[in-house]
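Accompanying notes for the structure given below.
Every number here is computed from the coordinates shown, using simple stated rules; none is lab data. All of these numbers come straight from a predicted model, not from anything done at the bench. Note: ideal-geometry Cβ built from the backbone for every residue, glycine included; neighbour counts use all protein chains shown.
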Amino acid sequence: LSYAEWLRRIGHVCVDLLVCDRSSHVVAVVEVREAGHRPSDRARKREGRLERVLKAAGVPLQVWDEAWMPDYATVRRTLLTDQ
């Protein structure tokens with residue numbers, strides 16, 4: 001894909017939290033999703049596109065429920081084992 005095509009497809013997709021190592025390399029992406037809320041068709045398409053892009057890039061995606069956020073130890077253990 002050309003840069004313009006890539007930008008058209010995913011250039012405006014954002015994430016809640018981007019986790020980087022000390023060298024600023026991306027090690028994981030965190031999406032915090034609203035508890036008990038059913039996403040619209042548009043939101044589901046966006047989520048699917050994000051998941052495909054991250055998978056193709058080899059970047060792990062963590063999806064957290066805003067009502068049940070993990071504690072520090074769980075976050076650290078999860079992110080370190082996904083590298």
- Message: Loop-only chymotrypsin sites (Phe, Trp or Tyr not before Pro) in the chain, please: DSSP not H, G, I, E or B, and at most 13 other Cβ atoms within 10 Å.
- Response: 68
- Task: State to the nearest 20 debye the size of the charge dipole of the chain about its Cα centre, where the only charges are +1 on K and R beta carbons and -1 on D and E beta carbons.
- Result: 360 debye
- Message: For the range 1-40, what are Rg and Dmax over the alpha carbons, in angstrom?
- Response: 14.1, 39
- Task: Please tell me the relative contact order of the chain in percent, rounded to the nearest whole number, where contacts are Cα pairs under 8 Å and at least six residues apart.
- Result: 30 percent
- So what's the back-of-envelope 222 nm ellipticity for the chain, counting only DSSP H runs of four-plus at -39500 (n - 2.57) apiece and dividing by all residues, rounded to 500? -13000 deg cm²/dmol
- Top mean-square fluctuation among 73, 56, 35, Gaussian network model of the chain, C-alpha springs under 10 Å? 73
- Note on the structure: Distance in nm between residue 6 and residue 20 label points, each 7 Å along Cα→Cβ, equals 1.7 nm
- Task: Please name whichever of 25, 59, 11 sits farthest to the positive end of the charge dipole of the chain, dipole taken about the Cα centre and charges placed at Cβ: Lys and Arg +1, Asp and Glu -1.
- Result: 11
- Task: Report the residue, chosen from 46, 33, 22, that carries the largest GNM mean-square fluctuation when the chain is represented by alpha-carbon nodes joined by springs under 10 Å.
- Result: 22
